[in-house]
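Take a look at the structure set out below.
The values are calculated or read from the model by the stated rules, or taken from the named source; none is laboratory data. Not measured: the values here are computed from a predicted model. Glycine also receives a Cβ, built like all others from the backbone with ideal geometry; neighbour counts cover every protein chain displayed.
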Amino acid sequence: MKLPFQPYDPKWKTQFKSIKLALQSVLKPLDPQIDHIGSTSVEGLSAKPIIDVQLGVANEADLDRLPSLLKLPDVVYYEKYNQDWPERRFFILLNKPTYKIAVPDVVKKGEEVPAILHDHNLRVAHLHVFVKGTPDWIRHIAFRDYLIAHPTVKESYQTLKQKLIKREWVDGHDYNEAKDRFLKVHEKNALKWYKGRGRSKKWDV
């Protein structure tokens, strides 16, 4: 499969703000921190036009409250991922309500992801939920801020993505694995930078 890939679009910021407002209303009982992460949050970086949203909740109990609060017609909960990554809850936001297309609202442990959900053109956003302050929560914010502050690293990432996006992929995981070596090196650098002088700077994303 070919993944959708576009030059940076300023409307991604606007999309994030709209999604954030909707989530703040739905998740008011948890009052999560909601951040724009991933390539669509970095000005000038090409990306799949899917908004990556990170939600930071107060504790592990709140992680388990999320699925009931996000049981909405346009959201699919990937419960099956909890076993391999118990610190995260993952959801996708669709551009069509699930009752209008043949997809479940939950993909459970042991179930195959329906083929239709591999169509990235149906996806508006990926929602990644962690407890605030945990390593994964920090890692995503640190890498975003690091790319914004380091144009040469951003350019290297752009070059890699432009090369990879020309290939055919089994699914999004296959594509992500191809970026893994680059990400591991630069996420490590990003954490060192962020824990030093980086976290004193707040970026407008």
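Mind checking whether some residue in the range 71-83 is hydroxyl-bearing (Ser, Thr, Tyr) and under 22 Å from ASP31 (Cβ atoms)? Within the range 71-83, one or more residues are hydroxyl-bearing (Ser, Thr, Tyr) and under 22 Å from ASP31 (Cβ atoms).
The rows are residues; the columns are (1) more than 19 Å from the chain's Cα centre (by Cα); (2) surrounded by 14 or more Cβ atoms within 10 Å (Cβ to Cβ); (3) under 23 Å from PHE16 (Cα atoms).
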site	(1), (2), (3)
VAL107	no, yes, no
GLU111	yes, no, no
PRO114	yes, yes, no
HIS118	no, yes, yes
VAL124	no, yes, yes
LEU127	no, yes, yes
ARG139	no, yes, yes
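Of the residues GLU43, GLU60, GLU87, GLU79, only one is in contact with an Asp or Glu (Cβ under 7 Å, 6 or more places away or on another chain) and modelled with pLDDT of 95 or more; which? Steps first, please.
Details: GLU43 fails: in contact with an Asp or Glu (Cβ under 7 Å, 6 or more places away or on another chain); GLU60 fails: in contact with an Asp or Glu (Cβ under 7 Å, 6 or more places away or on another chain); GLU79 fails: in contact with an Asp or Glu (Cβ under 7 Å, 6 or more places away or on another chain).
Criteria check complete, one pass: GLU87.
For first residues located in the range 6-33 and at pLDDT 95 or above, partners that are part of a helix (DSSP H, G or I) and among the charged types (D, E, K, R) and lie 6+ apart or on another chain with Cβ distances below 6 Å form the pairs LEU30/ASP62. The lone criterion from (1) over 14 Å from ASP52 (Cα atoms); (2) not in a strand (DSSP E or B) left unmet by TRP137 is number (1).
Listed by position, the strands (runs of 3 or more DSSP E) enclosed by the range 1-84 that each have at least 1 residues that are surrounded by 14 or more Cβ atoms within 10 Å (Cβ to Cβ) and within 13 Å of the chain's Cα centre (by Cα) are 33-37, 51-57.
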